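Notes to accompany the following structure.
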Amino acid sequence: MTFPTHRPRRLRRTAALRRLVAETALRTDDLVAPLFVREGIGEPQPVPSLPGVAQHTVASLRREVRRLRDLGVPGVILFGVPARKDAEGSEAWNPDGIVQMALAELRGEVGDDVVLMADLCVDEYTDHGHCGILAPDGSVDNDATLAVYRQAAVAQATAGAHVCAPSGMMDGQVAAIRSALDAAGHESVAVLAYAAKYASALYGPFRDAVDVTIRSGDRKGYQQDWRNAREALTEVRADIAEGADMVMVKPAVTYLDVIARTRAAVNVPLGAYHVSGEYAMIAAAHRQGWIDGPAVALEQMTAVKRAGADFILTYFAAELAEALGG
Ligand code: PBG
C-alpha cells in the first residue's frame with residue numbers, strides 16, 4: 001500500500017490552520033451599502049422583493065448611515081425616489097431634489113467619516129424609466145443624455161457627494177462628468193464608473209425599490225450583452241482613459257470571470273455590485289429554510305474578492321459588518 005506524500009488535508013485540520021493559510025479575507029472595510037431615499041413619505045417603506053431593505057425618509061436614512069458608520073462600513077451609495085418624474089428626469093439635478101437634500105444632510109451628519117457615493121443616472125427620475133433622454137424613435141439619445149448627466153454630477157458634488165457613480169452606460173459619460181465637475185470647481189470629487197454593466201435580469205427587485213417601470217423596450221441598447229467578456233475590457237479601458245478613478249463590474253457573482261479579467265488588466269481600484277436579484281435569491285431561499293442565507297452571503301462576497309474585487313456594493317453590508325466586526 002502506498003500513500004500520497006502530498007496531503008493538502010494537513011492544512012485543513014484545525015480552524016487556526018485554515019485561518020493561517022487563508023488566501024482571501026472579506027473585511028468590513030470592503031463593503032459599500034446601497035441605500036434608497038424617497039421623497040414625500042413619513043415612514044420608511046419596506047421593499048417586498050428586497051426583504052430587510054427599505055425606502056428611507058431623510059430622517060431614517062440619517063439613522064441608518066450613523067449605524068453603518070458605527071459598524072465600520074466605509075461607504076454608502078445613494079439612490080433617490082422622487083415624488084415627481086418627467087421625460088428628462090429633471091429631479092436628478094434639481095438642487096432641492098431628494099438625493100441632493102439627503103447628501104447635504106448626511107455630509108453634515110457624518111462629514112468625511114463615511115464615503116458618500118451618489119448613483120448618477122436618470123432612470124429613477126424619468127417617467128419612461130430609461131437611463132437617458134429619448135429620441136423621437138424611442139431609443140436613448142446618447143449625447144443629449146450626457147448633457148443632463150453633467151448637470152446631475154454638479155448637483156451631487158455641490159450637495160456633498162465624495163464620489164459620483166455614473167451607471168447609465170452612455171458612451172463618453174465619464175469624460176462628460178469629469179469635465180463638468182472640474183469646470184465647477186469639484187476637481188476633488190472622484191468618479192466610480194459602472195464600467196462593465198450588463199443588461200441583467202437580476203435588477204428586478206431594484207426597480208421595485210426605486211418605483212421604475214420601463215414603459216417600452218429594455219436596456220439592451222445601452223447595457224452590455226452578457227454573452228461578451230472581452231467587450232468589458234474595452235469599456236473599462238475607455239472609462240479609465242476618460243478619467244475614472246475607480247471602475248466597477250455589475251452584477252457580481254454571474255460575472256466573476258469579468259472581475260478576474262478586469263483585475264488582471266488594470267490597476268485602479270475595482271468594485272463589484274452584488275445586485276438586488278443576487279440578494280433577493282439568497283434572502284428568499286433563506287426564508288424558505290432552504291439555504292443558510294448568511295453563510296451563502298459570506299461565501300459569495302468572499303468569492304467576489306477572490307476573483308479580484310477590492311470592494312463590494314451589497315445589500316448585506318450591515319449584516320456582514322455585524323458578523324465580521326469593524
Ligand atoms: C441605474 C441602476 C440600476 C441598478 C443600479 N443603478 C438599475 C438598472 O440599470 O436597471 C441596479 C442595482 C441592483 O439591482 O441592485 N440607475
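Scanning the range 17-29 turns up at least one residue that is among the β-branched types (Val, Ile, Thr) and within 19 Å of the chain's Cα centre (by Cα). When the helices (runs of 4 or more DSSP H) confined to the range 206-296 are screened for residues that are under 30 Å from Thr57 (Cβ atoms), in contact (Cβ under 8 Å) with a residue 60 or more places away in the chain and more than 12 Å from the ligand (Cβ to nearest atom), those reaching at least 2 such residues are found at 276-287. Looking across the range 167-205, the residues that are assigned to a helix (DSSP H, G or I) and under 29 Å from Leu50 (Cα atoms) come down to Ala201, Leu202, Tyr203, Gly204, Pro205. From the set of residues in the range 279-326 that are basic (Lys, Arg) and within 21 Å of the chain's Cα centre (by Cα), which is surrounded by the most Cβ atoms within 10 Å (Cβ to Cβ)? Top of the filtered list is Lys305. Among the candidates Val76, Val58, Val99, the residue that is at pLDDT 95 or above and under 15 Å from Phe316 (Cα atoms) is uniquely Val76. No other residue among Ala135, Ala144, Ala153, Ala159 is in contact (Cβ under 8 Å) with a residue 60 or more places away in the chain and not β-branched (Val, Ile, Thr) apart from Ala159. Looking across the range 119-166, the residues that are part of a loop (DSSP other than H, G, I, E, B), touching a helix residue (DSSP H, G or I) at 6+ places or on another chain (Cβ under 7 Å) and more than 18 Å from Glu242 (Cβ to Cβ) come down to Val122, Tyr125, Ile133, Gly160, Ala161.
The values are calculated or read from the model by the stated rules, or taken from the named source; none is laboratory data. Owing to the predicted nature of the structure, the values given are computational and were not obtained by experimental measurement. When we count neighbours, we look across all protein chains shown, and the Cβ atoms used for this are built from the backbone with ideal geometry, even at glycine.
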